[in-house]
Amino acid sequence: MTTEKPSNLPVLVAGGGIGGLAAALALVRQGFQVMVFEQAPEIGEIGAGIQLGPNAFHAFDALGIGEKTRNRAVYTDYMVMHDAIDEYQVGKIETGEMFRQRFGNPYAVIHRVDIHQSLLEGAVETGRVQFFTNTRIEKVEQDEATHIVTAIDQNGKRWTGQALIGADGGKSVVRKQYVNDLPRVTGHVVYRAVVEKSEFPEDLRWNAASLWAGPKCHLVHYPLRGGEQYNIVVTFHSRQQEEWGVTDGSKAEVESYFQDSCPKARQLIELPKTWRRWATADREPIGTWVFGRATILGDAAHPTTQYMAQGACMALEDAVTLGEALRVHNNDWDKALELYQRSRVARTARIVLSGREMGRLYHAAGVERLVRNQLWKGRSQERFYDAMEWLYGWNVNNCLAQD
């Protein structure tokens with residue numbers, strides 16, 4: 001056991017994804033040295049595009065990488081939902097100047113790699129973050145007398161710190177050790193791909209986050225990287241028993257679920273040369289995230305389905321909130337972690353539960369589909385914005401729970 005004072009030790013972060021790097025940046029801004037442990041061979045990101053609400057940009061600004069991220073994002077003119085059977089426009093939300101004025105930041109779409117790169121550059125530039133790749137944290141030990149936390153990796157090597165942040169994803173080892181709950185496999189399968197602009201249909205090159213809602217399925221598309229690429233996502237209710245995980249996909253499988261979709265939407269399925277297939281899961285929300293000087297963040301704390309387009313945004317919010325909780329309590333970990341937990345549990349649980357309901361809305365069939373198509377008929381932009389205030393109105397000034 002080290003004889004160092006806890007305050008002289010770094011903070012340990014398990015996971016070098018979006019949540020882990022955001023946490024590292026937030027911690028550095030409070031004066032800590034940080035060690036980030038990533039099980040992959042390099043610090044990087046995979047996947048395709050994601051959507052960023054104004055709350056994400058508020059978080060980027062708080063972490064000091066707002067400009068970096070803005071330069072890599074594509075700013076949409078609107079969000080739109082069509083019925084995938086008859087092309088009926090269910091709802092359209094303008095995300096231009098009026099939206100920005102209301103929420104103080106834009107709505108954008110971006111490649112996951114570009115977010116990760118901005119966070120990584122920011123962390124490296126601080127000179128206070130060390131990265132360890134090929135390192136999977138498999139166990140956490142804590143000394144109640146000294147408040148020293150020890151993380152043990154897959155090779156048995158021991159790393160000591162003053163606290164540990166479990167940002168190790170939906171299959172979090174840290175969560176498993178302290179909570180050990182089972183995932184809820186949804187039975188919903190997501191296929192993701194990125195195609196070049198030259199291969200993307202001209203009649204769908206909208207500067208928008210676009211969704212085609214079909215019975216037990218939907219498609220999403222939007223531009224990436226200055227409009228030079230397009231992200232395509234298809235989701236369907238699987239006919240088979242699924243296990244949570246990622247595999248290569250099959251065009252034939254996708255086609256079999258979209259037979260009833262209109263040609264305008266269905267043409268998207270023909271575009272990708274390769275697909276990646278995600279069998280999705282979430283977990284029941286939990287009220288306890290803090291375990292001594294260890295806590296969880298991002299997907300480790302609140303894995304969710306993709307329907308609210310808020311998974312990465314919530315991880316960014318978590319990181320900023322953790323940093324703010326430390327700031328107001330002068331880096332007193334016990335008080336800060338309690339405030340962090342109290343500030344995040346209900347909000348992130350609302351995202352998880354809302355995601356489940358949104359999935360039902362997108363995939364409505366029969367009479368439910370008819371109800372869905374009438375929900376927002378005649379709704380003004382202001383009323384749409386009012387309904388989104390709870391989500392997009394978050395910022396660093398209101399992120400902490402009030403006593």
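The values are calculated or read from the model by the stated rules, or taken from the named source; none is laboratory data. This one's a predicted model, so the numbers in the text were calculated from it and none came from an experiment. As a convention, Cβ positions derive from the backbone with ideal geometry for all residues, glycine included, and neighbour counts pool all protein chains shown. What goes into the accessible areas is simple: the full protein's heavy atoms, side chains included, and nothing from ligands, DNA or RNA. Shrake-Rupley method; radii C 1.70, N 1.55, O 1.52, S 1.80 Å.
For the stretch 279-364, the alpha carbon positions stretch 49, 19, 19 Å along the principal axes, listed from largest to smallest. The calculated FRET efficiency for the pair GLN240 and ALA349, based on their C-beta separation and a Förster distance of 22 Å, comes to about 0.15. Karplus-based coupling profile of the stretch 129-135, in residue order and whole Hz: 10, 9, 10, 10, 8, 6, 10, with θ = phi - 60° in 6.51 cos²θ - 1.76 cosθ + 1.60 and x standing for Gly or Pro. Assuming charge only on the beta carbon of Lys and Arg (+1) and of Asp and Glu (-1), the dipole of the stretch 45-172 about its Cα centre is about 320 debye to the nearest 20. Shown for the stretch 263-387: the carbon plus sulfur share of the solvent-accessible area, taken with all protein chains present and a 1.4 angstrom probe, equals 53%. Heavy-atom accessible surface of the stretch 1-109, averaged per residue, reaches 38 Å², computed with a 1.4 Å probe. If the viscosity is 0.692 mPa s and the temperature 37 °C, what Stokes-Einstein diffusion coefficient in µm²/s follows for the chain when Rh is the Kirkwood radius over Cα pairs? Answer from the Stokes-Einstein relation: 150 µm²/s. Per residue, the Cα convex hull of the stretch 165-305 amounts to 128 Å³. Once the dipole of the stretch 1-111 is set up with Lys and Arg at +1 and Asp and Glu at -1 on Cβ about the Cα centre, which of GLY31, HIS58, ILE110 lies farthest towards its positive end? My answer, from the dipole projection, is GLY31. Could you state the number of Å between the C-alpha centres of the stretch 352-397 and the stretch 9-44? Taking the Cα centre of each part, the stretch 9-44 and the stretch 352-397 sit 34 Å apart.
Rolling a 1.4 Å probe across the protein heavy atoms gives the stretch 216-278 an accessible surface of 49 Å² per residue.
According to the Kirkwood relation over distinct C-alpha pairs, the hydrodynamic radius of the stretch 79-187 is 18.9 Å. Of the listed residues ARG136, ARG372, the order by accessible area with a 1.4 Å probe, largest first, is ARG136, ARG372.
Using the Cα coordinates of the stretch 1-117, the gyration tensor eigenvalues translate into equivalent-ellipsoid semi-axes of 37, 17, 11 Å, sorted from longest to shortest. If you count Lys pairs in the chain whose Cα atoms are under 21 Å apart, skipping same-chain pairs closer than 8 places in sequence, the total is 16.
Rg and Dmax of the stretch 79-131, based on Cα coordinates, read 18.2, 55 Å.
Relative to the longest principal axis of the Cα atoms of the chain, the long axis of helix 311-328 makes an angle of roughly 30 degrees. Using the average count of surrounding beta-carbon atoms within 10 Å as a protection proxy, the listed peptides 48-56, 153-161 rank, highest first, as 48-56, 153-161. Across the stretch 168-275, C-alpha contacts under 8 Å between residues 6 or more apart give a mean separation that, scaled by the residue count, equals a relative contact order of 29 percent.
With angles folded into 0 to 90 degrees, how steeply does helix 112-126 sit against the dominant principal axis of the chain? Use alpha carbons for both and round to 10. Here the helix axis deviates by roughly 20 degrees. In vacuum, with every alpha carbon of the stretch 133-245 counted as one equal point scatterer, what does the Debye formula give for log10 I(q)/I(0) at q = 0.12, 0.15, 0.21, 0.22 Å⁻¹? Two decimals, please. Taking Cα atoms of the stretch 133-245 as identical point scatterers yields -0.71, -0.83, -1.07, -1.13. Each DSSP beta bridge with both residues in the stretch 23-135 is either parallel or antiparallel, and the antiparallel ones are about 75%.
Once Rg and the Kirkwood radius are both taken over the C-alpha atoms of the stretch 248-403, their ratio Rg/Rh works out to 1.07. Could you state, as a whole-number percent, how many of the C-alpha pairs of the stretch 27-71 are farther apart than 15 Å? The calculated P(r) of the stretch 27-71 puts 64 percent of pairs beyond 15 Å. Treating each Cα of the stretch 271-317 as an identical point scatterer and summing with the Debye formula, the log10 of I(q)/I(0) at q = 0.32 Å⁻¹ comes to -1.22.
Measuring nothing but how far apart in sequence close Cα pairs (under 8 Å, 6+ apart) lie, relative to its length, the chain scores a relative contact order of 22 percent. Per atom type, the stretch 62-204 shows carbon and sulfur on 45% of its accessible surface, probed at 1.4 Å.
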